[in-house]
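Inspection log for the structure reproduced underneath, given as structure tokens.
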Amino acid sequence: MTFIPSEAFKSISYPDRTVKRADRAVRCSPFQLHFFQTIRDNSVFLTAIASNSGVESGYTRSPVSELVAENSLLWLIQVGVLRREVDGQGITDSFRLTPLGRQLVEKWEQEGQGVPAASLCDRMGNAVSRGLGVFL
């Protein structure tokens with residue numbers, strides 16, 4: 001068995017188009033950097049994200065309903081930023097970051113400004129992508 005030092009492992013390389021779409025999806029979501037930092041290491045349940053608890057935890061900018069939170073999270077799963085947590089009984093209502101999500105969080109942490117605000121153009125592009133699926 002060969003031992004490979006951890007620095008020999010490289011992050012997954014994603015196409016620019018994939019990274020840009022994921023970045024835009026996160027910027028258009030209601031979630032703040034603290035949410036993504038938290039789910040990098042720990043799963044977070046939907047009930048902790050929705051309504052005032054999401055704002056109080058620093059996960060969202062303003063209160064969102066469970067439906068809005070769920071739809072936003074599902075879109076972030078489709079673009080490859082998040083995954084659903086699975087336990088011994090199946091899929092749960094908690095979420096974790098994917099390697100792509102980790103790369104985005106690390107980039108924003110290095111920039112020190114949190115998740116950048118989405119422009120009107122970003123919001124329109126995200127709406128088109130969501131309407132047509134992830135094929136754009």
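No value in this document is a laboratory result; all are computed from the given coordinates. Just so it is clear, the model here is predicted, and its values are computed rather than measured. Note: ideal-geometry Cβ built from the backbone for every residue, glycine included; neighbour counts use all protein chains shown.
The table below gives the values:
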item	result
Positive-end residue, region 6-115 charge dipole about Cα centroid, Cβ charges, pick of W108, S62, S43	W108
Charge dipole magnitude, Cβ of K and R +1, D and E -1 - the chain, Cα centre, debye nearest 20	480 debye
